[in-house]
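Q: Here's a structure for you.
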């Protein structure tokens with residue numbers, strides 16, 4: 001399938017590892033020019049090296065704290081200068097935080113909302129002038145299936161992710177007249193540093209393949225997902241192949257979620 005990503009200019013937040021890194025890798029492999037944003041310079045530099053090595057393309061990294069508007073503005077300005085504009089934004093910054101309701105402090109709520117929800121708001125707001133200038137754009141907000149079907153002991157992440165889904169739908173309606181599409185992906189169990197820690201703590205005697213395919217995870221497709229499996233869906237959503245898709249969320253969870 002022709003994705004039409006060659007020459008497109010993309011910014012990926014949380015791009016130094018996991019789904020963010022895999023997405024930047026996929027976009028670069030499809031011919032896009034990519035800037036990845038992350039808070040820590042060392043992992044950022046390593047991610048840039050990996051992408052360049054595997055795709056042969058020039059990739060740029062910008063270190064920025066997504067919770068600070070001035071740093072977001074600086075990152076966007078630097079990305080736009082490097083790329084000559086911005087066509088694609090993947091809002092992927094964030095970590096998992098899951099506790100029972102009565103154990104979540106005000107500071108924990110504020111931190112989670114700031115990191116996940118407001119980071120997406122800040123980046124989108126900051127780069128909108130560049131997309132409007134281009135007359136088109138594509139944004140994907142990376143959320144979680146927990147935002148659709150929250151379980152117990154899932155706060156504050158499940159609540160923040162639900163807000164991210166509402167943000168996606170509302171933005172898609174506001175920005176459609178500018179030719180800007182806004183979608184979300186709702187992530188299930190995808191291999192990450194956190195998942196690997198769970199593996200080592202709960203079943204270190206198993207190989208990754210055996211742990212991933214263990215029936216205890218309750219995943220209909222029979223295995224834990226890999227970051228590149230999420231990245232391919234994200235690449236589709238920001239591509240010309242999805243030119244009539246906006247305001248929706250795609251579950252990437254191996255069929256585990258009870259909702260569409």
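No lab work stands behind these numbers, since they all come straight from the coordinates. For clarity, every value in this text was computed on a predicted model and none was experimentally measured. Don't worry about glycine lacking a Cβ; one is built from the backbone with ideal geometry, like all the others, and counts go over all protein chains shown.
Q: Going highest first, how would you order 46-55, 192-201 by mean Cβ packing within 10 Å?
A: In descending order of packing, they fall as 46-55, 192-201.
Q: Please rank 157, 243, 257, fewest neighbouring Cβ atoms within 10 Å first, as an exposure proxy.
A: Listed from fewest to most nearby Cβ atoms, that is 243, 257, 157.
Q: Taking 0.36 nm per residue of separation and subtracting the Cα-Cα distance, what length does fully extending residue 114 through residue 243 add?
A: Stretched out fully, the residue 114 to residue 243 stretch lengthens by 43.4 nm.
Q: If the viscosity is 1.567 mPa s and the temperature 4 °C, what translational diffusion coefficient in µm²/s does Stokes-Einstein give for the range 70-190 when Rh comes from Kirkwood over Cα pairs?
A: 86 µm²/s
Q: Once the Cα atoms of the chain are picked out, what are the Rg and Dmax in Å?
A: Rg and Dmax of the chain, Cα atoms, are 17.7, 55 Å.
Q: Right, something else. So what's the angle, to the nearest 10 degrees on a 0 to 90 scale, between helix 119-134 and the longest Cα principal axis of the chain?
A: 30 degrees
Q: Could you state the angle between the C-alpha long axis of helix 157-175 and the longest principal axis of the C-alpha atoms of the chain, as a value from 0 to 90 degrees rounded to the nearest 10?
A: 30 degrees
Q: In whole angstrom, how far apart do the alpha carbon centroids of the range 201-259 and the range 35-87 sit?
A: 25 Å
Q: Here's something else I'd like to know. Using the beta-carbon distance between residue 107 and residue 200 and R0 = 35 Å, what value does 1/(1 + (r/R0)^6) give for FRET efficiency, to the nearest 0.05?
A: Computed FRET efficiency for residue 107 and residue 200: 0.75.
Q: Quick one: angle between helix 69-83 and the longest Cα principal axis of the chain, in degrees between 0 and 90, rounded to 10, please.
A: The two axes meet at around 60 degrees.
Q: Another one. Using packing as a proxy for protection, rank 91-102, 178-189 so that the peptide with the highest average count of other Cβ atoms within 10 Å comes first.
A: With the highest mean Cβ count within 10 Å placed first, the list reads 178-189, 91-102.
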